[in-house]
Amino acid sequence: MIGPQHRVIAIDGPAGAGKSTIAKALSVRLGMKYLDTGAMYRAVTYEAMLRDLNLDDLENIAQLAVDCDLHVGLDRVIINGHDATDAIRQADVTANVSKVASNSGVRKEMRIRQQEWATMHGGGVIEGRDISTVVFPEAILKVFLTASPQIRAQRRVEQQGGNVNEIAAAIEQRDLFDSTRSDSPLAESNDSIVVDTSDRTIEEVVNELETLFLSRLSHGNS
Ligand code: DC
């Protein structure tokens, strides 16, 4: 059946693998909408911290996720009427987001919102950790982006500054947490295309994914 999932390109992978850069460029190339699901988990984390809530209170944080008015657009992230675009990238949010993202109540709500988003837009390029495995298992193209730990840390330092060894340790800790949580951990799906971006340009990767997508579309292969 051709549903909104048919037009979803799912891009998963660990921090610093190049997901945002490649997913955004691919969406522009293909004229498709783009959704950063990590920004959704970050926004809920930020809102909980702003309200000084206990992040270990699973029910309360899940309720916050259900009740919040959340808009994740290409340029701006708005939660409950305030602009959280910059705040969600701050180190304190980054340090706490894995805990909030391991809350099953929060994940259930975000999953529903992500599926509704795809239905509303007739698909799109969606990046995250569980997009291929759980949220859109029928996506026409599933991609798992990776890069060596050193390269991933260097990219983060170029974006945000900091010490490469400290950033590498923080990334490693967050990836471990995200890959070992019980609810929808970061993992490759068995039909994902695995792309190592360590030694490849953005252009090369985007070209490869564009070709794959167009070929699947023309073969009606979902
Ligand atoms: O991609 P990012 O670093 O902005 O993601 C922030 C956190 O959210 C990350 O620690 C993993 C989590 N996340 C998730 O669990 N599932 C997703 N679909 C996207 C992100």
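Going residue by residue through segment 91-99, is there one that turns out to be among the hydroxyl-bearing types (S, T, Y) and either more than 23 Å from D67 (Cβ to Cβ) or open to solvent by less than 40 Å² (accessible area, probe 1.4 Å) (or both)? Scanning segment 91-99 turns up at least one residue that is among the hydroxyl-bearing types (S, T, Y) and either more than 23 Å from D67 (Cβ to Cβ) or open to solvent by less than 40 Å² (accessible area, probe 1.4 Å) (or both).
A65 meets the conditions (1) touching a residue at least 60 places away in the same chain (Cβ under 8 Å); (2) of a type in the set (G, A, S); (3) crowded, with 23+ Cβ neighbours inside 10 Å; (4) more than 11 Å from the ligand (Cβ to nearest atom) in every case but one. The failed one is (1). Tell me the residue from V97, V143 that is farther than 26 Å from I193 by Cβ and either in contact with a strand residue (DSSP E or B) (Cβ under 7 Å, 6 or more places away or on another chain) or not aromatic (F, W, Y) (or both), please. Exactly one of V97, V143 is farther than 26 Å from I193 by Cβ and either in contact with a strand residue (DSSP E or B) (Cβ under 7 Å, 6 or more places away or on another chain) or not aromatic (F, W, Y) (or both), namely V97.
Could you tell me whether T21 is among the hydroxyl-bearing types (S, T, Y), surrounded by fewer than 21 Cβ atoms within 10 Å (Cβ to Cβ), closer than 27 Å to V205 by Cα and touching a residue at least 12 places away in the same chain (Cβ under 8 Å)? Explain how you work it out, then say what you get.
On the way: among the hydroxyl-bearing types (S, T, Y): yes; surrounded by fewer than 21 Cβ atoms within 10 Å (Cβ to Cβ): yes; closer than 27 Å to V205 by Cα: yes; touching a residue at least 12 places away in the same chain (Cβ under 8 Å): yes.
Taking the combined requirement at face value, the residue satisfies it.
Using the structure shown, decide if I112 is more than 12 Å from the ligand (Cβ to nearest atom) and either part of a helix (DSSP H, G or I) or open to solvent by 70 Å² or more (accessible area, probe 1.4 Å) (or both). Yes; evaluated as a whole, the condition is true for this residue.
Just one of (1) within 30 Å of E208 (Cβ to Cβ); (2) in contact with a strand residue (DSSP E or B) (Cβ under 8 Å, 6 or more places away or on another chain); (3) within 13 Å of the ligand (Cβ to nearest atom) fails for L26. It is (3). Within segment 40-49, not a single residue is within 14 Å of the ligand (Cβ to nearest atom), closer than 17 Å to R156 by Cβ and surrounded by fewer than 16 Cβ atoms within 10 Å (Cβ to Cβ).
The values are calculated or read from the model by the stated rules, or taken from the named source; none is laboratory data. Because the structure is a prediction, the values reported are computed rather than measured. Glycine gets a Cβ as well: all are built from the backbone with ideal geometry, and neighbour counts include every protein chain shown. All accessible areas refer to the heavy atoms of the entire protein, side chains included, with ligands and DNA or RNA removed. Shrake-Rupley method; radii C 1.70, N 1.55, O 1.52, S 1.80 Å.
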